[in-house]
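The values are calculated or read from the model by the stated rules, or taken from the named source; none is laboratory data. Fair warning: this is a prediction, and the values are worked out from it, not measured in the lab. In this analysis, Cβ positions are derived from the backbone assuming ideal geometry, glycine residues included, and neighbour counts consider all displayed protein chains. Heads up: the accessible areas ignore ligands, DNA and RNA and are worked out on the full protein's heavy atoms, side chains in. Shrake-Rupley method; radii C 1.70, N 1.55, O 1.52, S 1.80 Å.
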Amino acid sequence: MKLQVENKTRIDTKVSVPGDKSISHRSLMLAGIANGQSRISGLLEGEDCFSTLKIMKKLGVDITRDNSGTYLVEGKGLNGLKEPTDILDCGNSGTTMRLLSGLLAGRPFYSVLSGDSSLNSRPMDRIITPLTKMRAQIWSRQEGLAPLSIKGGNLTSINYDSPVASAQVKSSILLAGLSTKGITYVNEPAQSRDHTEKMLKAAGVDIQIDGNTIKLNSSGQPELKPLDIKIPGDISSAAFIIAAGLITKNSKILIKDVGVNQTRTGILDALEIMGADLTIKNKRTSSGEPLADIQVQSSKLKAVEISGELVPRLIDEIPLLALLATQADGVTVIKDAAELRVKETDRIKAISSELRKLGAEIEEYPDGMKIKGNTQLKGGIEVDSFGDHRIGMTMAIAGLVAENGITVNNSESINISFPDFEKLINNL
Ligand code: S3P
């Protein structure tokens, strides 16, 4: 598919964004292993979460959607999951594959997880190593590439120093930890998103957080309480709308009900340093997660330096920040973000190449980029998403300020996390 985006000014609107992708995956998984019926409203109805939903069904969990869009999940308990009779297709979703590997490592049966060509070329050794230390048996292609075959059961708990600040790695180990009879520790080099910890705690699991260390005590083999959860809007999706408001002239946008968990709001902190006119309104808590309305107005941005502990708090927004940096005063430097090279695509390479086609000046580093600001982007050309939803959406936002707009090829990937994106952008 191709997405055509026209140059725009004077956007004045009020919107909401789809449910948080990370929380949606976790809701389906934890509801599936809880004892009893969970209710999930605001679930992200995008391809990635549907991969998780279909797999939970293949593991024997009944999931239905009522007329109001609420999902009802009949949790079978951790011991109620059954051996799947077929390969578990994770599609494009790293969260599905890595978190479910942890969950399945603890179950006394055999399962095979596979994905699309992007997912099957992303590193899985980062979860195979700790899960194998917990005594799961896992086979992979080459050095840790999916498809993965897992023979689970009889795990022991570990104290694991994770070499990467990754919520997927952390969550995989914690979900495996539920099936041990001991205390599992995960130590992270920097804090990554903490939705798994929050949700496990809400389900009654004995879990404690001390700085960057998470301690999960499952000595009593926990029974998880069912959830009644209303999922907030995804700040990673809201970020695209925020960017649209900032870089188009004479614009004002209100985005309602966005999740503002502090492990995810690095983008707001970076934008504040860049001089963005943002107002966080109506802050409240729902289902244990903070949420707020975000108002944004056109702003003259300035360059920023992004590195260190801020990186995991805005990792998914870095391609978008690279676009914003082309419109800011000065030179923006992004470092410590080598993780971007192993996302749905190599995001450093992809965003640099596509923004350069519009005339941006970007130098690539192994772990980041240097981006020259104050660049009028040329348009009237075709760019590619490389099958990566966040690259596709970033380029669509670039089209709003490029002379003559742009066409984004392979735009169907946007359905991974933001199904109504095209409609929303065209109606802005
Ligand atoms: C996610 C964690 C992050 C993020 C991804 C979703 C999650 O990945 O980039 O989009 O839901 O746990 P890493 O754990 O690989 O950093």
**Prompt:** How many Å² of accessible area per residue for the range 52-211, probe 1.4 Å?
**Reply:** 39
**Asked** Based on DSSP, what percent of beta bridges with both residues in the chain are antiparallel, to the nearest 5?
**Response** 70
**At q = 0.14 Å⁻¹, base-10 log of I(q)/I(0) for the range 347-420 (Debye sum, equal scatterers on each alpha carbon)** = -0.42
**Asked** Label-point separation (nm) for T70 and Y365, each offset 7 Å from Cα along Cα-to-Cβ?
**Response** 4.9
**Message:** Starting from a Cα-only point model with no solvent, please compute log10 I(q)/I(0) by Debye for the range 328-382 at q = 0.13, 0.17, 0.23, 0.27 1/Å.
**Reply:** -0.33, -0.55, -0.89, -1.07
**Message:** On a full-extension model of 0.36 nm per residue, what is the gain between E412 and Q137, subtracting their alpha-carbon distance, rounded to one decimal in nm?
**Reply:** 95.4 nm
**Request:** Name the residue, out of G220, G46, G288, whose mean-square fluctuation peaks in a Gaussian network model built on the chain with Cα pairs under 10 Å.
**Result:** G220
**Complete:** Within the range 57-130, DSSP-loop trypsin sites (Lys or Arg not before Pro) with at most 16 other C-beta atoms within 10 Å are K82
**Message:** From the mean inverse distance of alpha carbon pairs (Kirkwood) and the Cα radius of gyration, derive Rg over Rh for the range 174-238.
**Reply:** 1.01
**Prompt:** If you place +1 on the Cβ of every Lys and Arg, -1 on the Cβ of every Asp and Glu, and leave all else neutral, what size is the dipole of the range 21-230 about its Cα centre, to the nearest 20 Debye?
**Reply:** 240
**Prompt:** For the charge dipole of the chain, defined by +1 on Lys and Arg C-beta atoms and -1 on Asp and Glu C-beta atoms about the Cα centroid, which residue among M29, N427, G266 has the Cα displaced farthest towards the positive pole?
**Reply:** M29
**Item:** lysines with Cα under 22 Å of K58, excluding same-chain neighbours fewer than 8 positions away
**Value:** K21, K76, K82, K151, K225
**Prompt:** Over the range 224-278, what relative contact order in percent results from Cα pairs under 8 Å that are six or more residues apart?
**Reply:** 38
**Mean Cβ count within 10 Å, highest first, over the residues of peptides 276-287, 135-146, 31-42** = 31-42, 135-146, 276-287
**Mean ellipticity per residue at 222 nm, deg cm²/dmol - from DSSP H runs of n ≥ 4 across the chain, formula -39500 (n - 2.57)** = -9000 deg cm²/dmol
**Request:** Pairs to check: K256/K302; K201/K335; K249/K357. Give those whose C-alpha atoms are more than 28 Å from each other in this structure.
**Result:** K201/K335
**Fill in**
Placing +1 on each Lys and Arg Cβ and -1 on each Asp and Glu Cβ in the chain, then taking the dipole about the Cα centre, the residue among P123, I55, V304 whose Cα reaches farthest towards the positive end is I55
**Complete:** If each part is reduced to its alpha-carbon centroid, the range 229-277 and the range 159-225 end up apart, in Å, by 28
**Fill in**
Rounded to whole angstrom, the alpha-carbon centroid of the range 347-396 lies from that of the range 11-63 at a distance of 31
**Prompt:** Beyond 32 Å, what share of the Cα-Cα pairs of the range 21-230 remains, rounded to the nearest whole percent?
**Reply:** 8
**Request:** Quote to one decimal, in nm, the extra length available between T213 and I183 on full extension: 0.36 nm per residue of separation minus the C-alpha distance between them.
**Result:** 9.6 nm
**Request:** Once every Cα of the chain carries one equal point scatterer and solvent is ignored, give the base-10 log of I(q)/I(0) from the Debye formula at q = 0.06, 0.11, 0.12, 0.13 Å⁻¹, two decimals.
**Result:** -0.23, -0.80, -0.95, -1.11
**Item:** Estimated dipole of the chain in Debye, rounded to 20 [Cβ of Lys and Arg +1, of Asp and Glu -1, Cα centre]
**Value:** 580
**Prompt:** Relative contact order, percent, of the range 77-179 when contacts are C-alpha pairs under 8 Å separated by at least 6 residues?
**Reply:** 33
**Asked** Within the accessible area of the range 46-115, what % is carbon and sulfur when the probe is 1.4 Å and the other protein chains stay in place?
**Response** 47
